[in-house]
Structure formats: structure tokens, C-alpha cells
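Trainee: One structure coming up, written as C-alpha cells, with questions to follow.
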Amino acid sequence: MAVGEDKESDDSPFDDDDDCINIFAPFAQKSANITEAWKTEIINYTKLDQAPVDVDILEWWKILENSFKNLSRMQLCESI
């Protein structure tokens, strides 16, 4: 919009491009936080020593579920 021009309406949240970006910013930030949490969890998981062959895998996940909340939920769904 040029200097001196009047907006047609102040009611629309889409009057300029910046408003549109601001509407979705909280969702984008939440998505970025979730993605970062998953990345960190996966990196930490891959740093673990390999579990022994004879380990009860469900018990192993139960012990580590607080350290790997997302991965343990995913594993639980696969086990059912």
C-alpha cells in the first residue's frame, strides 16, 4: 500500500502479507519445537549401547520410556 492510501477495511486479517504470516506463526513455532524434540530423542536413542539379544524388549522399553517418550509410545503401538 502506498503512502496516503486508505485501507478498504481494517476488519480483514489478510490486508497485507505480514498479517497472514503472523496468524500461522504460533503453529509454525509449535511444529518446530515438536520436530526438535523428536530429533533430540532419536539422537539420544542412537547413542545407546545395543541391548543384549536375550533382553525382554517390552521390559527394556518400560525402563526407558521416560527418556524416550515419543519412541516408547511408537514401540508400544507396534507391540500390540
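The values are calculated or read from the model by the stated rules, or taken from the named source; none is laboratory data. It should be emphasised that the depicted structure is a prediction, and the values quoted were computed from it without experimental measurement. Here Cβ is always computed from backbone atoms with ideal geometry, including for glycine, and neighbour counts include all displayed protein chains.
Trainee: Can you report the number of residues in segment 23-69 which are part of a helix (DSSP H, G or I), surrounded by 11 or more Cβ atoms within 10 Å (Cβ to Cβ) and acidic (Asp, Glu)?
Mentor: So the answer is 1.
Trainee: Continuing with this model, one more query. Just to be sure, is GLU8 at pLDDT below 80, loosely packed, with under 10 Cβ neighbours inside 10 Å and either in a helix (DSSP H, G or I) or in contact with a Cys (Cβ under 9 Å, 6 or more places away or on another chain) (or both)?
Mentor: So GLU8 does not fit the description; no.
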